[in-house]
Structures are given as structure tokens and as C-alpha cells.
Amino acid sequence: MNLSVKIANVTFKNPVTVASGTFGHAEKFYNQEEVKKLGAIVPKTVTYFSQQGNSPPRIIETPAGMLNAIGIENPGIDGFIEKKLPLFQKIGVPLIISILGHTDEQFIKITEKLNSAGGISALELNLSCPNLKHKILVAQDPMATYRVVDKVKKNSRFPVIAKLAPNVTDITEIALAAQDAGADAVSLINTFAAMVIDVRTRKSVLGNFTGGLSGPAIRPAALYFVHQVARKIKVPIIAMGGIMNADDALQFLIAGASMVAVGTANFVNPRASLEVLEGIRVYMKEHKLDDIREVIGSVREARH
Amino acid sequence: MDKIQYTSKVVSNEKLCPRFYRLCIDAKPIVKRIQPGQFIHIRVAEGLEPFFRRPFSVYRAQNYIEILYEPIGLGTKILATKKKGDDIDILGPLGNKFSMPPAGTKQVVMIAGGIGVAPFLILSDILKKRKQYELVLLYGGRTGGHVCDMREFKKNGCKVFVATDDGSVGVKGRVPKLFSKINSDPRTTFIYTCGPNPMTAAVQEFVKTHKLRGEAACEEVMACGLGACLGCSIRTRSGYKTVCYDGPVFDLHEVIFEHSG
């Protein structure tokens, strides 16, 4: 059974990965032999300078999901390369490094540092974090998306993936801009901007006031975005948005995604990504499919 | 993940006092590894409501894991329906642990508010074996219904003093009314505290004034429990720290107790 998928010249042995910001301390909690089975790992987004993150409370449970406003707490690119990257490299799974620059210059500098560090498979540009008080996200503007992807692409020795936001009028416009600028893949979607108010205090429950909604609550909307984008672009899609199990993941693959990332589910079931992988295998066996390419984009367009 | 995730069996689930329940779980692979201050993270229902797991301090870890809870929210109300023999999905043990009192300590004072008393039974189980401390428990509850039978603490040799808001048990008022029981000697007194932020903030104030040493077990809304999401961070003097991974136990002087509304 062939589960392998390709982004640019990189082959991943299967289509299952984890969404940025949802996976950590593998060495302490996870059975290493099991983690090795994943197609790729995406660590939490790294910025140029270290960031302390937003004031607590940073998360709240919502119907079938959660809001988060962590604020990209991270050690900065130098700290990441020195302390965290070696731990992730030890796992022996291809790494997709999620990066975020607050300026184009920072995106380029982070890229250059990762060029020198090596030992990674691709860069994912976080153009779509809703929790950083930017007036507009890069991924809400096709011109800005084009500009940032273009600049990173010209400097990166790794394939470049653009991570897109759901808070847009037409996501296909943004995806096309990323593709035109040379993106090797797009990943979608990031969290939906969202909030919860405590009616007793009339205050937002999050320290950051607003946050990003994730989890199964957003899954059908995420699937719609993936389906829309898959019909318009040629480069591969990494899909995420509320995937809890193999059935959820298969919907995204059938809609046209080449890879699927398990995110919020990791917080509830640390084995979720492995169960997704196993479930995809079982599905293919049951449907007598030998190659994951027979699944990807196989949605039947007729209504009935 | 198979290092920490277990489907275990409920052994018993009973009311300990009008407001608190004790859940007893058969989790042989981990029960002997649990240290005072650590917690287990329970998925109370298989579906999507409630969505998060719920973290509980371990109350005792002898033959079984015991936790103490008050059924007030969605998760704890579901927990209260668990019966003997039910499966229960737990992650654990998670988090750091209380340190042992420093050399020279004579009096150990555990200061608890409400359900925050939970980690102190397992702590006193360990401390009593050292046979060198005067163990004191200062406990504050909203009403008499929040005051458990303190026999297990007394069996461990703890001197127990209680304050309730309505005065129905012990002294009328809040925990600081019991601070006179503390020998405020920085060389020989060590403090542990766990409870709502206004209470732990009052303990911190007292400890600072008298230059005492101590530790606090902290709480925050938690998602993963594994230090991955960075959702349960609290403010400390050395920056944000996760309750689940860096904590839940912190140096009492380090924590900045916030949003204590």
C-alpha cells in the first residue's frame, strides 16, 4: 500500500501530520517508535525574536471545540535552533517548520537562519495567526500574500508552504496568489477569529479579548474551504480544521488535500494522529485501494 | 502516549461530605509512580461535550488513585455519575511535584481552600513517614458542607484547624484567621498552599511579611496537560509558566496570582 505524498521534491511517507502549536515534549510523553510513524511533524510557530505570549486566560472550551489566544509564545529562531530543533530532529520524522515574521525582513532572516541550520524538510509560513493584534493578516490580502511568499521563496532552500486564514471573502484568490508567488503548497485553515463573553462580568473571557476557534466545530467549514481551493490550484494542500479521527481526515483527502494535520484533537487524545493514520490504512484496505492518490481529490461532483 | 494514557476502571465514587465526592480509580501501571502535587487528566465523556479533559490533583495514591472533586460544572457533574466498574480514560501522572521541606524544618503548614485540600492528603501520607515534622492543616471552606471529614488527615498526625465563611464549622471567616497557628520562623517553618487565588494571594502576603519559604499548587483552565498548547500559562516572576508542565507546583514567592475575581 502506497501512502506516500510529495510536496515539491520532498516525499512524505504518509499524509498524516500534526498542526502547528499542538504537539510538544514528544520525548517525554510519546512512545518514540509510534511517533516515528507520522508523515511529518510541524512544531509550534517560531518568530524572529522570542515572544512571551498573551496574558492569561489563554484558552476556553466551546461547543465541540475551543478558543485559543496563546500569542505565539516561543523562544525566537535562535533559541529554537539551539534548543528545540535538535529534540525534534532526534524523532527522525520530516520536520515542517512554521515561521512568522512581523515584517518581510524578519521572514527573510528566519529563513536564512533555517537555511544554515538544515535538517528540515519544508517551511510553513504562518500568514494567518489571529491573535497578534495585527490590523490585517497577510493571508487576508492577495498582494501581501504574494509579496511574502515571493520573498521567502527566493531565499529558502526548502519548499515553502503558505498557511491561509479562513476570515476572508474568497480564499481561492489568496491561494492563487500564494501559488503564483511560487508556494510549493498551501495549508488551510488556521483558526477562525472568535470570542466568548462572560455575561456576569460583561468581559471577554480571554486575556487577549479575542481568540481563534478550532476543533470539530469548524470542520465542515474547513472542508468547504479545502474543496474550493482544490478546484482552483495545482499545488498540494495540507488540510487542517477539527480533524478528530480517520473519517474526518478522509473527507479532507477526498475533497482534494494531499496531507492532513491533526491539531486540537491532540489536546484531548494524544494518540489522535496515529489513530487517523491507522484508520486511513483500514479504509484503503476495505475499499481495495493501493495508493493514497486514489483517495486524494476523488470527490464525486454529482450531487447524488 | 502509551507512556501516560490508560483506560482504567472506577473502583468507587462516593460523597465524602455534602459538597465533595471522592473517585477511586484502579490504575495499577501508574499508581506507584504518583508523587504529591501531581495530577491526572480525565476524559469524562467520549463525545465532544465537554470537549476538554479535566485535571484533578491526586488526593491519595496507595492501592488506587483517589481524586476529590465538587460537582459544579459540566465535567464534574458527569464524573459524579460514574459507577463502580465503568471505564475511565486518564492521562497521567502529569506535572511536577511538591519538594520535600528543606533541612531544619520543624513545622509544615498546609493551607487549603475548598477543593484545594486535595493534594495535601497524599503529601501528608509521605511527610508523616519522616516523623520529624509538626504537621498542620489550615482549611477554609465556604460552608460546613465544604468541610470534609478530616479523619484521614488526623490519622496522619495533622493538627487540623478549620474556618468557614458562615461559621457553621470552626472559626467564622476566611483562612487568614487561622494564620496565628503558624510558627513564623523562617528557619523552621515551611508552607504549602492550594486554593482559590484570593486565598493563595493572602498566604503569599503572609509568607513575604514573615520571610517564610513555601510552595503553591496552582490552577488554570487546561487543554492538553502535556505542555504542548501553552494554554494554561500563569504569570510568574520569571515569565509565563505552564501549570501542566512547569507546575502545578511553584515556589510561593514566584507566582503572581491574577484574575482572582
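Computed from the coordinates by the stated procedures, all read-outs in this text should not be read as laboratory data. On a predicted model such as this, the values are computed, not experimentally measured, just so you know. For neighbour counting, all protein chains shown are included, and Cβ atoms are generated from backbone atoms with ideal geometry for every residue, glycine included.
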Q. Which translational diffusion coefficient, to the nearest whole µm²/s, is obtained for segment A:186-248 from the Stokes-Einstein equation, given a Kirkwood hydrodynamic radius over C-alpha pairs, 25 °C and 0.890 mPa s?
A. 183 µm²/s
Q: Sum -39500 (n - 2.57) across every DSSP H segment of at least 4 residues in the protein assembly as shown, then divide by the residue count to get the 222 nm mean residue ellipticity, nearest 500.
A: -7000 deg cm²/dmol
Q | Coordinate range along principal axes, alpha carbons of segment B:182-229, Å, largest first | A | 40, 20, 13
Q) Which of the trypsin sites (Lys or Arg not before Pro) found in segment B:226-261 are loop residues per DSSP with 12 or fewer other Cβ atoms within 10 Å of their Cβ? A) B:237
Q: Whole Å is fine, so just give me how far the alpha carbon centre of segment B:190-248 lies from that of segment A:155-183.
A: 41 Å
(Q) Would you work out the Kirkwood radius for the protein assembly as shown? I mean one over the mean of 1/r across all pairs of different Cα atoms, in Å. (A) 25.1 Å
Q) Looking only at other chains, what is the average number of their beta-carbon atoms within 10 angstrom of each beta-carbon in B:51-61? A) 2
Q: In a Gaussian network model over chain B where Cα atoms closer than 10 Å are linked, find which of B:55, B:36, B:102 has the largest mean-square fluctuation.
A: B:102
Q. On a 0 to 90 degree scale, rounded to 10, what angle separates helix B:118-130 from the longest Cα axis of chain B?
A. 60 degrees
Q) Given 5 Å bins starting at zero, what is the percent of C-alpha pairs of segment B:94-147 in each, up to the one with the largest pair distance? A) 5, 17, 27, 23, 15, 10, 4, 1
Q.
Counting other C-beta atoms within 10 Å, and keeping those with at most 16, which DSSP coil trypsin sites (Lys or Arg not before Pro) do you find in segment B:66-166?
A. B:83, B:84, B:106, B:131, B:142
Q | Long-range HN-HN contacts of residue B:113 with modeled amide H, under 5 Å | A | B:140, B:194, B:195
Q) Can you work out the base-10 log of I(q)/I(0) for segment B:107-251 at q = 0.10, 0.12, 0.20, 0.21 1/Å, using the Debye formula on its C-alpha atoms alone? A) -0.35, -0.50, -1.24, -1.31
Q) Roughly what percent of Cα-Cα pairs across segment A:185-304 reach past 20 Å? A) 48 percent
Q. So which DSSP H runs in chain A come out at 15 Å plus along the axis (Cα) with average Kyte-Doolittle of at least 0.5?
A. A:219-230
Q) Across 10 Å bins from 0, what is the distribution of all Cα-Cα pair distances for segment A:5-294, in whole percents? A) 7, 30, 39, 21, 4, 0
Q. In percent, what relative contact order does segment B:107-251 have, based on Cα pairs under 8 Å that are 6 or more apart in sequence?
A. 20 percent
Q. Dipole size in debye (nearest 20) for the protein assembly as shown around its Cα centre, Lys and Arg Cβ +1, Asp and Glu Cβ -1?
A. 1560 debye
Q: Return the average number of partner chain Cβ atoms within 10 angstrom of each residue Cβ along peptide A:267-274.
A: 6
Q. How big is the charge dipole of segment B:152-217 about its Cα centre, in debye rounded to the nearest 20, if each Lys and Arg gets +1 on its Cβ and each Asp and Glu gets -1 on its Cβ?
A. 240 debye
Q: Report Rg(Cα)/(2.2 N^0.38 Å) for chain B, keeping two decimals.
A: 0.96
(Q) Across segment A:1-98, what fraction of all alpha-carbon pairs, as a whole percent, falls in each successive 10 Å bin from zero upward? (A) 14, 39, 34, 13, 1
Q) Which chymotrypsin sites (Phe, Trp or Tyr not before Pro) does segment A:201-287 hold that lie in a coil by DSSP with at most 16 other beta carbons within 10 Å? A) A:209
**Q.** DSSP beta bridges in segment B:107-251 [antiparallel fraction, %, rounded to 5]
**A.** 20 percent
**Q.** Nearest-ten-degree value, helix B:197-209 long axis tilted from longest Cα axis of chain B
**A.** 30 degrees
**Q.** Relative contact order computed over segment B:4-94 (Cα-Cα under 8 Å; 6+ residues apart), in percent
**A.** 42 percent
Q.
Principal axis extents for segment A:105-173, Cα atoms only, whole Å, descending order, please.
A. 37, 24, 18
**Q.** Over segment A:70-206, volume per residue of the alpha carbon convex hull, in Å³
**A.** 124 Å³
Q.
Give me log10 I(q)/I(0) at q = 0.11, 0.12, 0.15, 0.25 Å⁻¹ for segment B:1-88, Debye formula, one equal scatterer per alpha-carbon, no solvent.
A. -0.27, -0.32, -0.52, -1.50
**Q.** Relative contact order for segment A:61-187, counting Cα pairs under 8 Å that sit 6 or more residues apart, in percent
**A.** 22 percent
Q | lysines with Cα under 30 Å of residue B:172, excluding same-chain neighbours fewer than 8 positions away | A | B:15, B:77, B:106, B:128, B:154, B:155, B:159, B:181, B:208, B:211
**Q.** Test item: Cα-centred dipole of chain A, Lys/Arg +1 and Asp/Glu -1 on Cβ, debye
**A.** 200 debye
